[in-house]
Amino acid sequence: MSEERGIEKLRTYEEINQKIKSGDAIVLTADEFIKTVEELGLEKAAKEVDVVTTGTFGAMCSSGAFINFGHSDPPIKMFKCWLNDVPAYKGLAAVDCYIGATAMSESKGFDYGGGHVIEDLVSGKEIELRAEAYGTDCYPRRSIETTININDLNQAILLNPRNAYQRYTAATNSTDKILHTYMGTLLPHYGNITYCGAGQLSPLYKDKDFETIGIGTRIFLGGGIGYIIGEGTQHNPQNQFGTIMVKGNLKTMNSRYLRGATYYKYGTTLYVGIGIPIPIINEKVAKSAALKDDEIFTHVLDYGVPSRDRPVVKKVSYAELKSGKVQINQGEVPSSPLSSNKLAKEIALTLKKWIEEGSFFLTRPVEFIPNYSELKPLEVKRREPKVRDIMTKEIIVGKPNDNIKDVAKLLIAKGVDHLPIVDDEGKLMGIITSWDLAKAIAHDKRQLHEIMTLKVITAKEDEAIDSVIRRMEQNNISGVPVVDQSNHIIGILTTDDISRKLVRRVIS
């Protein structure tokens, strides 16, 4: 065992399972173990306690289920497949599919998705199955419409590529706009903080060096029994962002611990309940299992920056996050969880009960999950245009005291619709459009400062075009001034620029 991970100095798995069988195992939830360590000290608590149970319940987008429908008569080789109008992946054998948690209904959109289909299946509800095929000699049927429930299926296997992050970054928003993200709705000007994870109940943080959690570990999954089958995608344990890949039989699960959900104006997901038993095999594992909320830290990131490298606003403990208030910029910002601490506690208690009743035994991992993994970003290797490549650099600007009629004549002569307003140093003060001018003339306004928009949406020259297009769509505008770090105007980007210079380039 590399790096002496998993050394069973205090007790072996076999010894623990024998105690479970005889009803003598000492099992505590992570919350209870923390209190025991505070009362007895780490060394004595580690010698007395056999197993610590954990729990988490939160949105886990990288989740889904493999389903086998069985063959119809005449049989069909499904090419496309929908469950309750949610598309399922059909690049598999004839009647196998994979339904992903974030797939969305083609008729209901954000209101219903793959996570809801999984919840409905586990609840025993009838699901509408629709499929299309191209027809072959051995699979002549070209289409099928029917209903199924979970008992009709040969297999319904929950298989989630990435679940149960050790910890997760918290989110806030520095901009003046409401943001709708996978971290929920973020209010402007640091109006709130959202966070995920169970803190001191978090399964992977209770064994943060992965000495007992590995391939083959038996776990609580969705209200039934499941297994860890490997490291999860984006596994980054050296930074406490470890993840696991899990599987289990949907037919044994409970919809209380598998719930479809929608993040407003973002998309659909599946809330998953996971609990992992931590055998106290050595004192190092016990020390990890005893970590408290005020010893587990994460970063609050600014989601107002549309980049994979979002700036860190503050390092914060789970104790502070759970308090409901976080100090930022000498003010208190309300914090709220996206996951359920109540259900996390319930899962840990349920798993404890299963072990004490002798219905759940521990498994020794057949292979360790890596405790180091390089996390690689996706680099765009083809050159993508930036704002500087598309923007108009030769721009017409106005001054606050310019005459409106003179400006209107200038814009007509030059054939432009947007006029940035600048001060004597060339710094942006506001903007007007041809529509603003039309209204101003109708209302007998005289100077630009009377009609200019002071709150201007801008862009930087090194920004990606997609980010700026998104900003323009959100604000229902057709152009943005391009400014430097000192707010000097250096260009303008309009929908005409994008259409003329970018779209035509793609087509050609």
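Listed by position, the strands (runs of 3 or more DSSP E) contained in region 123-169 that have at least 3 residues being over 28 Å from the mean Cα position of the chain (by Cα) and not hydroxyl-bearing (Ser, Thr, Tyr) are 127-132, 143-148. Just wondering, is there one or more residues in region 452-462 that are more than 25 Å from residue 306 (Cβ to Cβ), exposed (fewer than 13 other Cβ atoms within 10 Å of the Cβ), not assigned by TED's automatic domain parsing to the domain that holds residue 304 and not charged (D, E, K, R)? No, the conditions are met nowhere in region 452-462. Evaluate the following for residue 224: is it touching a helix residue (DSSP H, G or I) at 6+ places or on another chain (Cβ under 6 Å), buried (at least 17 other Cβ atoms within 10 Å of the Cβ) and outside the structural domain of residue 89 (by TED's automatic domain parsing)? Against the criterion (touching a helix residue (DSSP H, G or I) at 6+ places or on another chain (Cβ under 6 Å), buried (at least 17 other Cβ atoms within 10 Å of the Cβ) and outside the structural domain of residue 89 (by TED's automatic domain parsing)), residue 224 qualifies.
Is it the case that residue 468 is part of a helix (DSSP H, G or I) and under 30 Å from residue 383 (Cα atoms)? Yes, satisfied. Scanning region 170-182 for residues that are polar (S, T, N, Q), part of a strand (DSSP E or B) and surrounded by fewer than 19 Cβ atoms within 10 Å (Cβ to Cβ) returns a single hit, 181.
Within region 348-368, residues that are outside any helix (DSSP H, G or I) reach partners that are of a type in the set (Gly, Ala, Ser) with beta carbons closer than 6 Å, at six or more positions or on different chains, in the pairs 363/216; 365/214; 365/216; 366/216; 367/214; 368/214. If you go through region 213-244 and keep only what is within 18 Å of residue 165 (Cβ to Cβ) and assigned to a loop (DSSP other than H, G, I, E, B), you end up with 213, 217, 222, 232, 233, 234, 235, 240, 242, 243.
Per-residue answers, yes or no, for (1) in contact with a helix residue (DSSP H, G or I) (Cβ under 8 Å, 6 or more places away or on another chain); (2) buried (at least 17 other Cβ atoms within 10 Å of the Cβ):
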residue: 321; (1), (2): yes, yes
residue: 346; (1), (2): no, yes
residue: 353; (1), (2): no, no
residue: 378; (1), (2): no, no
residue: 385; (1), (2): yes, no
residue: 388; (1), (2): no, no
residue: 401; (1), (2): yes, no
residue: 415; (1), (2): no, no
residue: 420; (1), (2): no, yes
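Does region 436-450 include one or more residues that are surrounded by 14 or more Cβ atoms within 10 Å (Cβ to Cβ) and touching a Ser or Thr at 6+ places or on another chain (Cβ under 8 Å)? Yes: one or more hits. Flag: residue 176 matches the condition of being more than 22 Å from residue 339 (Cβ to Cβ), charged (D, E, K, R), over 22 Å from the mean Cα position of the chain (by Cα) and in the same structural domain as residue 296 (by TED's automatic domain parsing).
So which residues in region 34-68 are more than 28 Å from residue 266 (Cα to Cα) and either at pLDDT below 95 or under 30 Å from the mean Cα position of the chain (by Cα) (or both), if there are any at all?
Of the residues in region 34-68, the ones more than 28 Å from residue 266 (Cα to Cα) are 34-54, 68.
If the condition is that a residue be more than 28 Å from residue 266 (Cα to Cα) and either at pLDDT below 95 or under 30 Å from the mean Cα position of the chain (by Cα) (or both), then 34, 52, 53, 54, 68 are the ones that fit.
The numbered conditions (1) small (Gly, Ala, Ser); (2) touching a strand residue (DSSP E or B) at 6+ places or on another chain (Cβ under 7 Å); (3) within 21 Å of residue 274 (Cβ to Cβ) are all true for residue 359 except (2). Selection of region 111-122 for residues being assigned to a helix (DSSP H, G or I) and either modelled with pLDDT under 95 or out of contact with any Lys or Arg (no Cβ under 8 Å at 6 or more places or on another chain) (or both) yields 114, 116, 117, 118, 120, 121, 122.
Among the residues of region 132-149, count how many are buried (at least 20 other Cβ atoms within 10 Å of the Cβ) and within 28 Å of residue 222 (Cα to Cα).
Here is the first cut: in region 132-149, the ones buried (at least 20 other Cβ atoms within 10 Å of the Cβ) are 133.
Among the residues that remain, those that are also within 28 Å of residue 222 (Cα to Cα) are: none.
Total meeting the criteria: 0.
Any residue in region 21-38 that is polar (S, T, N, Q), assigned by TED's automatic domain parsing to the domain that holds residue 51 and farther than 20 Å from residue 344 by Cβ? Checking region 21-38: at least one residue is polar (S, T, N, Q), assigned by TED's automatic domain parsing to the domain that holds residue 51 and farther than 20 Å from residue 344 by Cβ.
Taking the stated definitions as given, is residue 407 assigned to a helix (DSSP H, G or I), in contact with a Gly (Cβ under 7 Å, 6 or more places away or on another chain) and either outside the structural domain of residue 305 (by TED's automatic domain parsing) or modelled with pLDDT of 90 or more (or both)?
Numbers: assigned to a helix (DSSP H, G or I): yes; in contact with a Gly (Cβ under 7 Å, 6 or more places away or on another chain): yes; either outside the structural domain of residue 305 (by TED's automatic domain parsing) or modelled with pLDDT of 90 or more (or both): yes.
So residue 407 passes the test.
If you go through region 245-255 and keep only what is part of a loop (DSSP other than H, G, I, E, B), aliphatic (A, V, I, L, M) and surrounded by fewer than 22 Cβ atoms within 10 Å (Cβ to Cβ), you end up with nothing. The C-beta contact set for region 95-109 (first residue more than 18 Å from residue 152 (Cβ to Cβ) and not assigned by TED's automatic domain parsing to the domain that holds residue 131, second residue among the aromatic types (Phe, Trp, Tyr) and assigned to a loop (DSSP other than H, G, I, E, B), distance under 7 angstrom, 6+ apart or interchain) is empty. Reported count of residues in region 434-447, each being in contact (Cβ under 8 Å) with a residue 40 or more places away in the chain and either closer than 18 Å to residue 413 by Cα or assigned to a loop (DSSP other than H, G, I, E, B) (or both), is 2.
Of all the numbered requirements in (1) under 30 Å from residue 345 (Cβ atoms); (2) not in a strand (DSSP E or B), residue 93 misses one, and that requirement is (1).
The values are calculated or read from the model by the stated rules, or taken from the named source; none is laboratory data. Please read all numbers here as calculations on a predicted model, not as lab measurements. We place every Cβ from the backbone using ideal geometry, glycine too, and count neighbours over all the protein chains shown.
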